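Student: This is the structure I have questions about; it appears just below.
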Amino acid sequence: GPAAPVRLDLVAAEVVEAIAPATTTRVRVRARELSAYADRLAYWRVLRNVVQNAVRAAGPRGLVEVTLAVEDGWAVTRVDDDGPGLNAAAARTGGLGLSIVRDLTAGWGGGVRIESGPLGGGRVVLLTPVHAAATRENNREGAVR
């Protein structure tokens, strides 16, 4: 679907509410109200996939934190786990695979990064534009309709 304003905080809460009851891993979400331009279903699929993999990496007594913030015109979704270091990138994007995650995030004008996280495990960062692509183009060219 086309990118439209999506309440990322509500999608993140939905994803965590779906996953948390099925695991002993602690899964926390920290987000204020936050809208960004994405394909809602694609964002949901990517985030669900990334959180499920973080839960696997963290293990049954582990911790996963999902944090949303706005930085430099991007909605930044961080998924951190306290699993044993950053194994292969594949471990953090499991089911869908990293290439599909990259394709889906690119589809809404965003991106994905995989890093070492502050909890000692992995961190997956999803970037989502806060403004519509058309608006960005017009601003860049100084065009006024």
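Only the coordinates and a few stated rules stand behind these numbers; no lab work does. Please read all numbers here as calculations on a predicted model, not as lab measurements. When we count neighbours, we look across all protein chains shown, and the Cβ atoms used for this are built from the backbone with ideal geometry, even at glycine.
Student: In nm, give the distance between the simple-model label positions of ASP72 and ALA132, each being 7 Å from the Cα along the Cα-to-Cβ direction.
Tutor: Going from the ASP72 label point to the ALA132 one covers 2.6 nm.
Student: If I take R0 = 25 Å and measure r between the Cβ atoms of ALA18 and ILE100 in this structure, what FRET efficiency does the formula 1/(1 + (r/R0)^6) give, to the nearest 0.05?
Tutor: 0.80
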